[in-house]
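Asks: Structure below; questions to follow.
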Amino acid sequence: MTMLRAERVTLGYGRRPVVHEVSLDITEGGVGLIGESGSGKTTLARAFLGLLSPMSGDIWYGDRPLRKADLRAFRRDVQPVFQAEALDPRMRVGRSVAEALPRAARSRVGELLEQVGLDPALADRRPHQLSGGQRQRVVIARALAVGPRLLILDEPTSALDVTVQARILDLLAALDTERLLITHNLAVVERLCRTSHVLFAGRVVESGPTAELLASPAHPYTRALRDAVPKLGGPPPQARGRTEAVPAATGCPFRLRCPLAVPQCEQAPALRDVDGRRVACHRAEDVLSS
Amino acid sequence: MMISVRDLQVRYAGRLVADVPELDVGAGECVAIVGESGSGKSTTLLSLLGLTENAEISGRVRVCGVDVLTASPKALREIRGARAALVMQSPQAALSPATRLGTLMRRALKLHGRQGNDVDAALEAVVLDREILRRYPHEVSGGQAQRFAIALAIALGAEVILADEPTSALDVTVQAEVVGVLRRLRAERDLALLLVSHDLALVSTIADRVLVMKDGAVVESGPAAEVLAEPAHPYTRELLEALP
Amino acid sequence: MTDVQPLRRSLPRIPDRFAAFGAVLLAVVVLAALLAPWLAPYPLDEPRPLERLLPPSGAHWFGTDQVGRDVLTRILYGGRTSLTIAVAVLGVSAAVGVTLGVVAGYAGGWVRDVIMRVTDVFLAFPALLLSLALAVVLQPSVNTVILAIAVTWWPWYTRLAASVAASIATRPYVDAARCLGVPAPLIIVRHVLPNSLTPVLVQLSLDAGGVILTSAALSYLGLGAQEPTAEWGLMVQQGQTLFTTNWWVVTFPGLAILVTAFAFNVLGEGLRNALDPRRAVK
């Protein structure tokens, strides 16, 4: 039984849906949610945090839909780690961490800062007096303060310098919590997540074990993503298909960008099992064999 | 040499923020300056076009044969934006929101007295449809805006492109496309390309030579393949090991 | 990430000096008003019919008015009235306006709609008309002026605070507090209010001059301070017919209004920069 899962969740702002009928379990070993801008990944993260109610479908927390669940227990179990601006600019960072603690446990602030590799003396600083990496550690300390079982990480390192990024990833990998990682960075997912879901235009287009997904993608979009990432000393990154084409409103949303599109793609593909993963593509077998 | 720098030192309020003893970029060559935030890499790039405000600059900087530090404002204007084009991280922010891209292109060509230049060829070189000229900046994607900025440079007859993190605000699939455009232009038009980036992997796929900067100083420089395969400086090694 | 920070650091810090200038000027005005009993060369309200409309001289630096009162003395005492009106109006308006504004901005939805419609209703009444109505019900006095202006002034702060608070409410640190289960009122007080205050403070100092001018207009209509109360607006109104013949009666109180409004404005402009937490001391 997974602690948190989405069942046919449609999400949006106003009346316009941006995430369409996504079902997703947060399983053990880390779950990655991969997507580029406009994929709906952050919207989905907000729903998992109970910050946004689904237009249809439900987020399940244990055996109850989130809207009927014990929110106090949920807030203790599930905590976010956001990217930037996640600390009140006017508040000393020690107080930001203390906000998560019951009054009697305020003395634990120093201990929590040490746990994320920070000098407890930094508690008296304000966010702008810290480096980007230090700020991100404070954000993690605050999330850990309530003793969560699941961290929802929204681009936790993408605003940081590479050397800092590497150390934050080490820290996150060493924590003994479950995690849902939202990112556009495939390499980060590879490090932290056993399972991954690729999101395109608000739909899951491919799910499966991260290693297999990246080694042999079955969806043309997953493959385009992978081939676009530059590798040290590797071939120049490849742009496959037309990246400026907007997602299609009907049928497969990727078809206008897809180099493999055929007339059949005007019918929306359902997620189906192909070679140990779930793919929404009529031509998954062709992608795998090409 | 399209860009030639000797003993460049940039100071703000007496503090040394960039110290580059030597930097050369020839036609058809791509040189990358790599570093993290605060390394002085962007300052170096801006100082090559005399775009650093309130900075004290010493040394010798020649761009397209013009000595930037001693050039007259008129000579500097001729270089800037025409023969040497700057491509920034978010070009959309630099485009006037109420001006169609076509109007912008026309005005830029007129400003530099190059009305006769071939806009179609420039757009074709960056894989943009002519239709984009009718659009306003907010109607194009980040990748299109970046490619338009490059097309503008080509149309103006740029011989040098200075690019400051040109793809770091873009999605990876879009980044791949922009990098592809830059690579092709370099080969087909003999452009000199000076690229500032934090991404070693990206740099390794496009640059001939690399300068690694840290805290304002160049800690290592050389052919990209050598520096990245056998880094001599501990900081370069640290950067490489940090790559996920 | 690009490292162009040195550029910003090297910008001259003129705005802060500007703010300091405004603050000093304002301090002078406030001190002069507070110390009026000691600074004033003559007792207040001592008409000397024989000394009517004397031009500025060694004895009367700013001259005397139509009933022979020393203009400088009345300006010093008048500062107390005018500044009290400004502070009281802004205090009441900001307290009411900002409270409603941050609640509307944070809550959104129907709460926001209700608050903003009420605000619109108040904004629909012309300030002077509403004040006239109040004056019919209440006695014309300084308190009536304060009430009348405040009633028409607060909705602007509601609008401002609501728009700022709405943008603060979407910041990740507010989401983080919500995820910790911090109750909404506490989130508003701890995170939304403090981070929404900067533009409000700036607006307050920019508005202070306007309040003083509005109170002068009300006095002109006979709805505000009444003779023999010393108040700048009233002094200008009573002296205006004498402008061509006895310029000092109206010019010096007018200058007092101008200088005070200017001081508040300069302070406001400077605060805009100085209050940005990211510009605070390294």
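The values are calculated or read from the model by the stated rules, or taken from the named source; none is laboratory data. Quick caveat, the model's predicted, so the values are computed rather than measured. Quick reminder, even Gly has a Cβ in these numbers, built from the backbone with ideal geometry, and neighbours come from all protein chains shown.
Asks: May I ask you to verify whether C:VAL98 is β-branched (Val, Ile, Thr), touching a residue at least 24 places away in the same chain (Cβ under 8 Å), away from every other protein chain (no Cβ under 13 Å) and surrounded by fewer than 22 Cβ atoms within 10 Å (Cβ to Cβ)?
Replies: It is false that C:VAL98 is β-branched (Val, Ile, Thr), touching a residue at least 24 places away in the same chain (Cβ under 8 Å), away from every other protein chain (no Cβ under 13 Å) and surrounded by fewer than 22 Cβ atoms within 10 Å (Cβ to Cβ).
Asks: Follow-up. Kindly indicate which of C:ARG8, C:ARG112, C:ARG52, C:ARG74 is basic (Lys, Arg), within 30 Å of B:ILE57 (Cβ to Cβ) and either buried (at least 18 other Cβ atoms within 10 Å of the Cβ) or at pLDDT below 90 (or both).
Replies: C:ARG8
Asks: Take segment A:189-217 and flag every residue that is of a type in the set (S, T, N, Q) and either more than 20 Å from A:GLU28 (Cβ to Cβ) or more than 14 Å from every other protein chain (Cβ to nearest Cβ) (or both).
Replies: A:THR195, A:SER196, A:SER207, A:SER216
Asks: Then there is this: Determine, yes or no, whether B:ALA32 is at pLDDT 90 or above and closer than 20 Å to B:ILE150 by Cα.
Replies: yes
Asks: Can you tell me how many residues within segment C:143-159 are touching a residue at least 40 places away in the same chain (Cβ under 8 Å) and either touching a His at 6+ places or on another chain (Cβ under 7 Å) or surrounded by fewer than 21 Cβ atoms within 10 Å (Cβ to Cβ) (or both)? Spell out the reasoning first.
Replies: Of the residues in segment C:143-159, the ones touching a residue at least 40 places away in the same chain (Cβ under 8 Å) are C:144-146, C:148-150, C:153-159.
Still in the list and also either touching a His at 6+ places or on another chain (Cβ under 7 Å) or surrounded by fewer than 21 Cβ atoms within 10 Å (Cβ to Cβ) (or both): C:144, C:156, C:159.
The qualifying residues number 3.
Asks: Among the residues of segment B:117-139, are any out of contact with any strand residue (DSSP E or B) (no Cβ under 9 Å at 6 or more places or on another chain), under 23 Å from A:VAL162 (Cα atoms) and in contact (Cβ under 8 Å) with a residue 40 or more places away in the chain?
Replies: No, segment B:117-139 contains no residue that is out of contact with any strand residue (DSSP E or B) (no Cβ under 9 Å at 6 or more places or on another chain), under 23 Å from A:VAL162 (Cα atoms) and in contact (Cβ under 8 Å) with a residue 40 or more places away in the chain.
Asks: Also, quick follow-up: Restricting to segment B:172-208, give me the number of residues that are assigned to a loop (DSSP other than H, G, I, E, B) and more than 10 Å from every other protein chain (Cβ to nearest Cβ).
Replies: Selection size over segment B:172-208: 4.
Asks: Turning to a different aspect of this structure: So, in segment C:35-88, exactly how many residues are in a helix (DSSP H, G or I), of a type in the set (Lys, Arg) and within 21 Å of C:PHE243 (Cα to Cα)? Spell out how you get there, then give the answer.
Replies: We begin by selecting, within segment C:35-88, every residue in a helix (DSSP H, G or I); these are C:36-39, C:49-51, C:71-88.
After this cut, where a residue has to be of a type in the set (Lys, Arg) as well, the list is C:74, C:80.
With within 21 Å of C:PHE243 (Cα to Cα) added as a condition, the list becomes C:74.
Counting residues in segment C:35-88 that are in a helix (DSSP H, G or I), of a type in the set (Lys, Arg) and within 21 Å of C:PHE243 (Cα to Cα) gives 1.
Asks: What number goes with the only condition from (1) outside any helix (DSSP H, G or I); (2) hydrophobic (A, V, I, L, M, F, W, C); (3) surrounded by 22 or more Cβ atoms within 10 Å (Cβ to Cβ) that B:LEU152 does not pass?
Replies: (1)
Asks: Let me ask something else. I'd like to verify a number: residues in segment A:217-235 that are surrounded by 17 or more Cβ atoms within 10 Å (Cβ to Cβ) and in a loop (DSSP other than H, G, I, E, B), how many?
Replies: Matching residues across segment A:217-235 total 5.
Asks: Among the candidates A:LEU181, A:LEU160, A:LEU151, which residue alone is out of contact with any Phe, Trp or Tyr (no Cβ under 7 Å at 6 or more places or on another chain) and modelled with pLDDT under 95?
Replies: Details: A:LEU181 fails: modelled with pLDDT under 95; A:LEU151 fails: modelled with pLDDT under 95.
One residue alone meets the criteria, A:LEU160.
Asks: Would you mind stating whether C:ALA86 is in contact with a Lys or Arg (Cβ under 6 Å, 6 or more places away or on another chain), modelled with pLDDT of 85 or more and surrounded by 21 or more Cβ atoms within 10 Å (Cβ to Cβ)? Give the derivation first.
Replies: Values: in contact with a Lys or Arg (Cβ under 6 Å, 6 or more places away or on another chain): no; modelled with pLDDT of 85 or more: yes; surrounded by 21 or more Cβ atoms within 10 Å (Cβ to Cβ): yes.
Considered against the rule, which asks whether it is in contact with a Lys or Arg (Cβ under 6 Å, 6 or more places away or on another chain), modelled with pLDDT of 85 or more and surrounded by 21 or more Cβ atoms within 10 Å (Cβ to Cβ), C:ALA86 comes out as no.
Asks: Give the residues of segment A:145-201 that are part of a strand (DSSP E or B) and either under 21 Å from B:LEU239 (Cβ atoms) or small (Gly, Ala, Ser) (or both), sorted by residue number.
Replies: A:THR183, A:SER196
So that you can scan it fast, the table gives a plain yes or no per residue for (1) within 19 Å of the chain's Cα centre (by Cα); (2) of a type in the set (Asp, Glu); (3) part of a loop (DSSP other than H, G, I, E, B); (4) surrounded by 21 or more Cβ atoms within 10 Å (Cβ to Cβ):
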| residue | (1), (2), (3), (4) |
| --- | --- |
| C:HIS191 | no, no, no, yes |
| C:PRO194 | no, no, no, no |
| C:GLN226 | no, no, yes, no |
| C:LEU234 | yes, no, no, yes |
| C:THR244 | no, no, yes, no |
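Asks: Now for a different question. Which members of segment B:140-171 meet the condition of being over 19 Å from B:VAL63 (Cα atoms), at the interface with another protein chain (Cβ under 10 Å from one of its Cβ atoms), in contact (Cβ under 8 Å) with a residue 40 or more places away in the chain and not polar (S, T, N, Q)?
Replies: If the condition is that a residue be over 19 Å from B:VAL63 (Cα atoms), at the interface with another protein chain (Cβ under 10 Å from one of its Cβ atoms), in contact (Cβ under 8 Å) with a residue 40 or more places away in the chain and not polar (S, T, N, Q), then B:VAL140, B:GLY142, B:GLU165, B:ALA169 are the ones that fit.
Asks: Right, another one. Which one is nearest to the chain's Cα centre (by Cα), of the residues in segment A:11-41 that are among the small types (Gly, Ala, Ser) and farther than 20 Å from A:ASP176 by Cβ?
Replies: For segment A:11-41, the residue satisfying everything is A:GLY35.
Asks: Here is a list: B:GLY143, B:GLY157. Which entry is at pLDDT below 90 and within 11 Å of B:SER90 (Cα to Cα)? Give the derivation first.
Replies: Working: B:GLY157 fails: within 11 Å of B:SER90 (Cα to Cα).
Sole residue among the options that is at pLDDT below 90 and within 11 Å of B:SER90 (Cα to Cα): B:GLY143.
Asks: Look at C:SER215 and say whether it is away from chain A (no Cβ under 14 Å), in contact with a Ser or Thr (Cβ under 8 Å, 6 or more places away or on another chain), polar (S, T, N, Q) and not in a loop (DSSP other than H, G, I, E, B). Step through it out loud before you land on a result.
Replies: Numbers: away from chain A (no Cβ under 14 Å): yes; in contact with a Ser or Thr (Cβ under 8 Å, 6 or more places away or on another chain): yes; polar (S, T, N, Q): yes; not in a loop (DSSP other than H, G, I, E, B): yes.
So C:SER215 passes the test.
Asks: Next question. Answer yes or no as to whether A:LEU225 is without any contact (Cβ under 8 Å) to a residue 40 or more places away in the chain and within 24 Å of A:THR157 (Cβ to Cβ).
Replies: Here the answer is no, as A:LEU225 does not meet what is asked.
Asks: Let me ask something else about it. So in segment A:28-54, with the set limited to residues that are in a loop (DSSP other than H, G, I, E, B) and closer than 22 Å to B:THR173 by Cα, which one is farthest from the other protein chains (Cβ to nearest Cβ)?
Replies: So, considering only residues that are in a loop (DSSP other than H, G, I, E, B) and closer than 22 Å to B:THR173 by Cα, the one farthest from the other protein chains (Cβ to nearest Cβ) is A:GLY40.
Asks: In this structure, is A:THR195 hydroxyl-bearing (Ser, Thr, Tyr) and free of Cβ contacts under 8 Å to residues at least 40 places away in the same chain?
Replies: Details: hydroxyl-bearing (Ser, Thr, Tyr): yes; free of Cβ contacts under 8 Å to residues at least 40 places away in the same chain: no.
So A:THR195 does not fit the description; no.
Asks: Quick one: in segment B:40-71, which of the residues that are in contact (Cβ under 8 Å) with a residue 24 or more places away in the chain, within 14 Å of another protein chain (Cβ to nearest Cβ) and in a loop (DSSP other than H, G, I, E, B) is farthest from B:LEU243 (Cα to Cα)?
Replies: The selected residue is B:ASN54.
Asks: Would you mind finding the one in A:LEU144, A:LEU130, A:LEU186, A:LEU118 that is surrounded by 17 or more Cβ atoms within 10 Å (Cβ to Cβ), touching a residue at least 60 places away in the same chain (Cβ under 8 Å) and more than 9 Å from every other protein chain (Cβ to nearest Cβ)?
Replies: A:LEU144
Asks: So, of the residues in segment B:1-39 that are assigned to a loop (DSSP other than H, G, I, E, B) and not small (Gly, Ala, Ser), which turns out to be nearest to the other protein chains (Cβ to nearest Cβ)?
Replies: B:GLU36
Asks: Sticking with this one: Which residues, counting only those in segment A:242-290, are part of a loop (DSSP other than H, G, I, E, B), in contact (Cβ under 8 Å) with a residue 12 or more places away in the chain and surrounded by 20 or more Cβ atoms within 10 Å (Cβ to Cβ)?
Replies: Residues satisfying the conditions are A:THR243, A:CYS252, A:PRO253, A:PHE254, A:ARG257, A:CYS258, A:PRO269, A:ALA280, A:CYS281, A:HIS282, A:ARG283.
Asks: Scan segment B:188-219 for residues that are under 20 Å from B:GLU238 (Cβ atoms) and either among the polar types (S, T, N, Q) or crowded, with 20+ Cβ neighbours inside 10 Å (or both) and report the count.
Replies: Of the residues in that region, 16 qualify.
Asks: Among the residues of segment C:188-200, write down those that are within 13 Å of chain A (Cβ to nearest Cβ) and in contact (Cβ under 8 Å) with a residue 24 or more places away in the chain.
Replies: C:ILE188, C:VAL192, C:LEU193, C:ASN195, C:SER196, C:LEU197, C:THR198
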